[in-house]
Each structure stands twice: as C-alpha cells, then as structure tokens.
Amino acid sequence: MSADGAAAGLRWPCAAACLAALAGCATFSDTIQSTERSLAQQQPKAALAAYEKLKPNPADRVLYLMNTGMLERMSGDYDASTQTLEQTKRQIEDLRALSLREQALSVTVNDATKSFVGEDYERVMVNNFLALNYLERGQLDAARVEALQVDILLREKQQRTAKNNPYAEDAFSRYLTGIIYEDEGEWSDAMIAYRKAYEAYNRQLKSFGVGMPETLKHDLIRLADRMGIADEAKRYREEFKIDQTLSEADLLERGEIIFIVNAGLAPVKRERSVTAPNPATGRIIRVAVPEYRPRAHAFAYALLSADAASAKTSRVENVEAIAMKTLDSEIAGITARAIARAVAKDTLAAAAASSGSNNSSGAALLGLAVNLAGVFTERADTRSWFTLPGDIHLARMPLPPGEYKLKIDLHGADERVLGSREVKISLRKGEKKYLSQHWIPTNLEVRP
C-alpha cells in the first residue's frame with residue numbers, strides 16, 4: 001500500500017471513532033428526569049439540588065443557568081434567581097455570534113453541538129422573570145431596566161422576523177412593561193405599552209389562544225381617561241362593553257395587589273427520527289428532528305379574596321403554544337440541515353468503503369463502521385427551557401390602604417379547588433404589591 005493509501009486508511013478509522021464518540025453523548029435535556037420528578041412531588045428545593053448536580057458541557061451553559069434561575073425562584077430564593085438570570089443574560093450576549101467551528105459541527109454532526117442561546121421567546125422570558133423578581137423584591141427601577149431591554153429585544157426581533165412568524169411580538173411582555181411604567185407614573189409610556197399589548201393579543205389570538213385579559217381592558221380605559229384621549233377611551237368602552245372602571249386618581253388613593261400564577265411546565269422537546277436506505281448507495285440514512293409534546297395541566301384560574309373584595313386571574317401568556325408554533329416555523333430549515341448532514345455522512349461512508357482497493361473486506365467493514373457512526377451521531381437538538389411555565393395568569397386587585405389576610409384559591413377547569421393558601425399583606429396608599437406562585441400538577445408528565 002502507498003504512503004497516501006496508508007494515511008487515508010488511518011484517517012477513516014479516526015473519523016469513525018470521533019463520530020462514534022460524539023454519538024455516545026446524550027443531549028443535556030435527556031438528563032433531567034429526577035428534577036422533573038421532584039417538581040411533580042412539589043419539592044422545588046429537591047429539584048434544584050438534583051439539577052445542580054448536573055455537569056453541563058460549555059455548549060449547554062446558558063440552558064443550565066436558565067433552569068437554575070427558575071428553580072431558585074420556585075424555591076423562594078429570589079436573590080439567587082436574580083443573580084443567575086443576570087448571568088444568563090451576559091452569557092447569551094457573549095454567545096450570540098456563533099463561532100465558525102460550531103457552525104461546521106452543526107452541519108457535519110448535529111444541531112445540538114452549537115452553544116444554546118435559547119429561542120427568541122426564551123430570551124425575552126429571561127428579562128420578564130428578572131423584572132418579576134425585582135418587582136417582588138420592591139426594586140421598581142431595576143424592573144424598569146428589564147422593561148427597556150425587552151423593548152429593544154422585541155424591536156430587533158420585528159426587524160428580522162418574517163411576516164408569517166406568529167411570534168413577532170410578545171403580548172405579555174408588553175402588558176408587564178405597561179404595568180411597570182404605570183407604577184413609575186410614566187403614563188405616556190404605559191399607554192404605548194398597553195396599546196401594543198392590545199394589538200398583540202388581538203393579532204395572536206388564533207395562533208396562541210389567549211384572549212384579551214380583563215384587566216388590560218380596564219387599564220386601557222383608565223389610562224386613556226387619564227391622558228384625556230376621550231375618543232380612544234370611548235372606543236374601548238364600546239368594544240369591551242364596560243361602562244364603569246376605576247379612575248387613575250381613585251387607583252392612586254388605594255393600594256393594589258398584582259398576582260401572577262405560573263402554571264404547569266413548558267412542553268417536552270423530544271426527538272423524532274426516520275431511518276431509511278439511501279437509494280443512491282443502499283446505505284442507511286437517519287434524519288432526526290425535534291418535536292414538542294404538550295404537558296396538559298388542570299389549572300384554569302386563581303380567585304383572590306380579601307374582606308369583601310375579590311379578583312380573578314386571566315391567562316396572559318401561553319408559553320406552550322408559543323414554543324410549539326416557533327418550532328413549526330423553523331422545522332423546514334431544521335429538516336433541510338438534517339437531510340444535508342445525512343447525505344454528507346453517507347458520502348463519507350461510501351468514500352471509506354472504497355478507500356482500500358487491496359482489501360475489499362476491510363474496506364467494507366470500515367465503510368460500515370463509518371456509516372453506523374454517522375447514523376448514531378444524528379441527534380435532534382432537544383434543548384429547551386423546560387422549567388418555564390406552560391402558561392401565565394395575572395390578576396390586579398385594588399384595595400384601600402390597610403392590613404389584609406389575602407386568600408388565594410387555585411381552580412381547575414371543572415371548578416375543583418386545586419389548592420389554597422393565605423397571605424398576610426399590608427398596603428399603603430398608592431403602593432403596588434407583586435406576588436406570584438408556581439403551580440405544577442402532581443401528575444406531571446416526566447420525560448422517560
């Protein structure tokens with residue numbers, strides 16, 4: 001055998017071995033069953049402890065931080081959650097410009113080799129939950145910074161998003177931003193944000209199934225009255241069939257509870273694959289793509305009561321639908337890359353099989369080894385922020401200044417009470433108190 005032939009003979013086994021080694025690595029999302037089981041058992045601290053034992057590779061660092069920050073939040077450690085999610089933002093910014101090496105690996109091996117930076121909606125949710133952390137800690141100015149950053153993210157997204165992409169805007173983010181601006185007394189900016197939320201809810205109703213929140217209807221009327229926009233206020237009253245609503249002046253004389261329920265968990269992202277022979281070579285080609293499996297839950301709404309006052313939550317965000325529709329809009333490109341990889345790997349196997357002309361049986365075995373390595377390295381990218389809620393619900397409850405024992409009842413779609421708790425709360429004139437609760441069903445579907 002010539003020197004060139006001997007060198008080639010060494011290169012093919014090395015390539016096959018490298019591909020096989022990569023094939024043996026499960027994606028990071030395949031290693032979180034114990035965390036999900038602890039969440040289903042209503043033990044968020046145990047879930048956090050289990051998750052912190054994982055050793056993510058550098059490409060999964062952002063995903064690890066996202067989930068850690070949310071688990072810290074579920075455990076009631078808002079300060080740690082805030083630090084972790086701030087670190088997440090910095091990591092995402094550092095990784096947004098993907099390296100040429102990562103792009104090459106994603107083309108030749110699989111998409112999961114790229115550094116995870118999250119989908120657009122996941123990056124927006126980092127800011128949203130940071131804002132909520134700050135609000136619950138009484139740090140309104142810090143929450144306003146997150147609102148400004150969300151506005152930048154969404155404007156950038158709109159400039160590069162195709163018109164047929166259903167997630168061109170985030171209605172809940174706009175609504176939360178409006179609440180923050182109103183709390184700051186920035187009426188004009190609050191009105192702009194509420195209008196954008198109104199437009200987004202109307203436009204995305206068919207895609208995401210979230211109607212106009214009842215509280216937003218009153219917010220639009222109240223701010224339009226406050227700013228003297230009589231025609232707009234009249235239009236909203238007619239559209240929503242609302243005659244009376246609390247004025248801004250009356251609201252400022254009271255305190256207010258703003259309560260958020262994060263219900264369920266985001267859908268499970270799994271792999272779907274098809275294995276078939278390549279008609280041109282007769283060898284096996286395996287194409288792997290991701291798909292979401294929804295995780296149904298029974299939660300429908302929360303009812304708040306204090307003395308004679310009460311308020312009911314409205315759903316303000318359907319994270320599950322956003323995740324699934326986002327993937328639907330990307331699946332054509334993902335599939336095209338998967339097919340290109342399969343063809344490239346099959347070509348490599350064919351070249352390996354024909355590399356040893358003096359040893360046909362050895363070449364055939366080498367070709368088979370490279371072929372199998374190519375098949376088993378084809379993995380779909382199943383990484384996602386799995387600790388995000390399946391959907392988000394919100395209520396606004398104005399109350400006169402004073403001390404209250406707030407009762408919170410969580411209801412299912414059949415009106416069954418899923419859980420109750422009481423919270424002692426003190427409200428001053430003009431003060432807003434932000435509270436939240438994570439609710440996860442005991443029958444949560446845990447990935448196998």
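The values are calculated or read from the model by the stated rules, or taken from the named source; none is laboratory data. Keep in mind that this is a model prediction, so the values were computed, not measured. For neighbour counting, all protein chains shown are included, and Cβ atoms are generated from backbone atoms with ideal geometry for every residue, glycine included. With ligands, DNA and RNA removed, areas are computed over all heavy atoms of the protein, side chains included. Shrake-Rupley method; radii C 1.70, N 1.55, O 1.52, S 1.80 Å.
Results, tabulated for the structure shown:
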read-out	value
Selected residue [touching a strand residue (DSSP E or B) at 6+ places or on another chain (Cβ under 7 Å), of a type outside the set (S, T, N, Q) and part of a helix (DSSP H, G or I)] from Tyr175, Tyr201, Tyr194, Tyr181	Tyr175
Candidate set: the range 413-432, residues that are in a strand (DSSP E or B) and exposed (fewer than 15 other Cβ atoms within 10 Å of the Cβ); chosen: the one nearest to the chain's Cα centre (by Cα)	Gly419
Candidate set from the range 310-321 (those that are open to solvent by less than 30 Å² (accessible area, probe 1.4 Å) and part of a strand (DSSP E or B)); member that is nearest to Tyr167 (Cα to Cα)	Glu317
Hey, Met191 among the hydrophobic types (A, V, I, L, M, F, W, C) and open to solvent by 10 Å² or more (accessible area, probe 1.4 Å) or not	no
Boolean, Arg237 is surrounded by 18 or more Cβ atoms within 10 Å (Cβ to Cβ), over 30 Å from Gly76 (Cα atoms) and either of a type in the set (Phe, Trp, Tyr) or at pLDDT below 95 (or both)	no
Where Leu444 falls short, out of the listed (1) at pLDDT below 95; (2) surrounded by fewer than 16 Cβ atoms within 10 Å (Cβ to Cβ); (3) touching a Gly at 6+ places or on another chain (Cβ under 8 Å)	(2)
Count - residues of the range 240-267 that are open to solvent by 70 Å² or more (accessible area, probe 1.4 Å) and not basic (Lys, Arg)	5
Pairs, first assigned to a loop (DSSP other than H, G, I, E, B) in the range 207-222, second at pLDDT below 95 and open to solvent by 40 Å² or more (accessible area, probe 1.4 Å), C-beta under 9 Å, six or more apart	Gly211/Leu205; Met212/Leu205
Given (1) surrounded by fewer than 24 Cβ atoms within 10 Å (Cβ to Cβ); (2) in contact (Cβ under 8 Å) with a residue 40 or more places away in the chain, number of the condition Ala171 does not satisfy	(1)
Matching option when the condition is modelled with pLDDT of 95 or more and in contact with a His (Cβ under 8 Å, 6 or more places away or on another chain), among Val417, Val423	Val417
Pick from the range 290-319, criterion farther than 25 Å from Glu122 by Cβ and charged (D, E, K, R), ranking: modelled with the lowest pLDDT	Asp307
Tally of residues being outside any helix (DSSP H, G or I), of a type outside the set (A, V, I, L, M, F, W, C) and farther than 24 Å from Tyr301 by Cα across the range 228-243	2
Residues of the range 118-154 satisfying the condition of being over 30 Å from Lys269 (Cα atoms) and surrounded by fewer than 20 Cβ atoms within 10 Å (Cβ to Cβ)	Glu136, Arg137, Gly138, Gln139, Leu140, Asp141, Ala142, Val145, Leu148
The one condition in (1) at pLDDT below 95; (2) in contact with a strand residue (DSSP E or B) (Cβ under 7 Å, 6 or more places away or on another chain); (3) buried (at least 22 other Cβ atoms within 10 Å of the Cβ) that Gly374 fails to fulfil	(2)
Matching residues in the range 272-308 - criterion: being more than 23 Å from Ser384 (Cβ to Cβ), open to solvent by 30 Å² or more (accessible area, probe 1.4 Å) and among the small types (Gly, Ala, Ser)	Ala276, Ala280, Gly282, Ala300, Ser305, Ala308
Among the residues listed as Leu388, Leu399, Leu394, the single one being farther than 30 Å from Leu65 by Cα, modelled with pLDDT of 90 or more and open to solvent by less than 10 Å² (accessible area, probe 1.4 Å)	Leu399
In the range 194-227, residue farthest from Leu303 (Cα to Cα) [restricted to those that are among the small types (Gly, Ala, Ser) and buried (at least 19 other Cβ atoms within 10 Å of the Cβ)]	Ala224
Set Lys89, Lys45, Lys114: member being buried (at least 16 other Cβ atoms within 10 Å of the Cβ), out of contact with any Pro (no Cβ under 8 Å at 6 or more places or on another chain), at pLDDT 95 or above and over 18 Å from Arg447 (Cα atoms)	Lys89
